[in-house]
1. Kindly state, to the nearest 0.05, the FRET efficiency for Asp418 paired with Thr378, given R0 = 22 Å and r defined as their beta-carbon distance.
2. Work out how much length Leu12 to Glu182 would gain on full extension: take 0.36 nm times their residue separation and subtract the Cα-Cα distance, in nm to one decimal.
3. Report the label-to-label distance for Asn298 and Ile392 in nanometres (one decimal), using points 7 Å from each Cα along the Cα→Cβ vector.
4. Karplus couplings for segment 78-92 from phi (6.51 cos²θ - 1.76 cosθ + 1.60, θ = phi - 60°), rounded to Hz, Gly and Pro as x?
5. Starting from the 7 Å offset along Cα-to-Cβ, what nm value, one decimal, do you get for the label separation of Glu230 and Ile266?
6. To the nearest 20 debye, what charge dipole does segment 363-453 have about its Cα centre, counting +1 at the Cβ of each Lys and Arg and -1 at the Cβ of each Asp and Glu?
7. Neighbouring Cβ atoms within 10 Å as the yardstick, rank Ser228, Ser433 fewest first.
8. Which entries of Lys211/Lys384; Lys103/Lys308; Lys120/Lys156; Lys336/Lys406 show an alpha-carbon separation above 29 angstrom in the structure shown?
Amino acid sequence: MGILTNVVKLFLEIRKYAPEFESEGLEKEHLWKTMFPEKDYNYGIMKNLIFELSNNVKKFIELENYSAKKFSSHLNIIEQYQARRLISLMEKQICQTKIELQKIEYNQANSYSRFMIDLKYQECLKMKHDAKTLLEYDTLAVNENLTLFFLSTFFKVNYYNFRISHLYNNSPDRHFIKNVLEFFEKAGFENPYTELMYYCFLTVYDPEDQKHYQKARELYFENYHTFSAEDSLNFASSLIDYCKTMIDKGYLSFIKERHVFEKQLIDDNLIIKFGNGFIDKHLFLNIARGATEAGEHNWCIDFIEHYKFMLEENVREHYANFAYAHLYFRSRQFEKAMTHLSKCVNLNVLDKKFVRGYQFFLYYELNYYEEMKHLADTSRHFIKNDKALSAIQREEFLKFINSVMKLSAYRYLRSAGDDNAFRLNEIKQYIASNNMYGINWLKEKIAELETVN
């Protein structure tokens, strides 16, 4: 009883420093002195108390997660009745669970739950030796729920694999995927959830065919009211990602399209990340950028100010400042944009690349020619040596650096009286014939230089 009492004491002392848990008061010796002011510090006892507290915390997290999963609790009870051969209680619990599952929105987890409860019902009939009911039992629903669970999980997992494959050195296998796609297309399942998962996957598997996006968009709005809040967020995020990809390729009609989904997420309060109460950092940045591109600058400022406090603290400063940097860059307040960009912290590899991209934009707009040459040298070194970026990403960013430097050199020479229209045309053709980072901005700068000519 003594160790449990002391574990509780330790917990109550640590809790005083929530939620940051950053203080000298959390040093082991300080905690000991607070708990046992009359005793000398004992490393062995303190180590045991921390060990016991850690075990209790893990057990609490486990039970909290388990209690939140209602079906898992029902299934556990059914399996315990089954193990004890309490057949009537098992059958009663199965029937109750089936009724509850019918009231829940259909989704990936729900298809698995329906399959498992049907499977348990079959096992229950076998235990009762109810051959007549078994013979008459329709196994179509069992097979369909199992297959739909596999398919929806398959499309979801591979959506993310393909989504990030161009960012990292990763090439997903297409042979098996092709076989699964052919199976789904021939099976003729009429299930809006799985069908929407299928078309969302196709937007990254075959992004050049815009019909996949149009079908996904149609299914999303037709069935929006039947999805859970979490599923609605995930589907909308997939459609937003596709719009962003198409915008980057120069299809500017997707700018307004993208903002439609983003405003819906805000209006329906769907953007808070499920499970920890924070907004996803990439979704936050995408919404801010989408609003800016759509010309909704005041709306964007309101969004940043309201939702930046819902970012996790370790990324808050970086992503809020990055959002403001984009906003002020697009509203041509370049000095303000530079100030916010300089405050970006906690950068991973991709963030570093994007920040460098914006530095190029701003140096060009501010006519910082010498600074840009230095930035180009360091950026080429960074891009060539960072193996976390895919070969495609490295190539596209290096082409961007080459293009912006050529444009900057052309503009510099023209200001000195060397106005060579043929050189500008060469740069224009190079940009038009290559995929590269920042291509829409580069085309804008070409158009500006041509207008001056």
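Read-outs: derived from the displayed coordinates by stated rules, not from any lab. As the structure is a computational prediction, the values presented were derived from the model and not from experiment. Cβ: placed from backbone, ideal geometry, glycine included. Neighbour counts: every protein chain shown.
1. For Asp418 and Thr378, the calculated efficiency is 0.20.
2. Net length gain for the segment: 55.4 nm.
3. So the two model labels end up 4.1 nm from each other.
4. 4, 5, 5, 4, 5, 4, 8, 6, 8, 5, 5, 5, 4, 5, 5
5. Calculated label separation equals 2.6 nm.
6. 280
7. If I rank by nearby Cβ atoms, fewest first, I get Ser433, Ser228.
8. Lys211/Lys384; Lys103/Lys308
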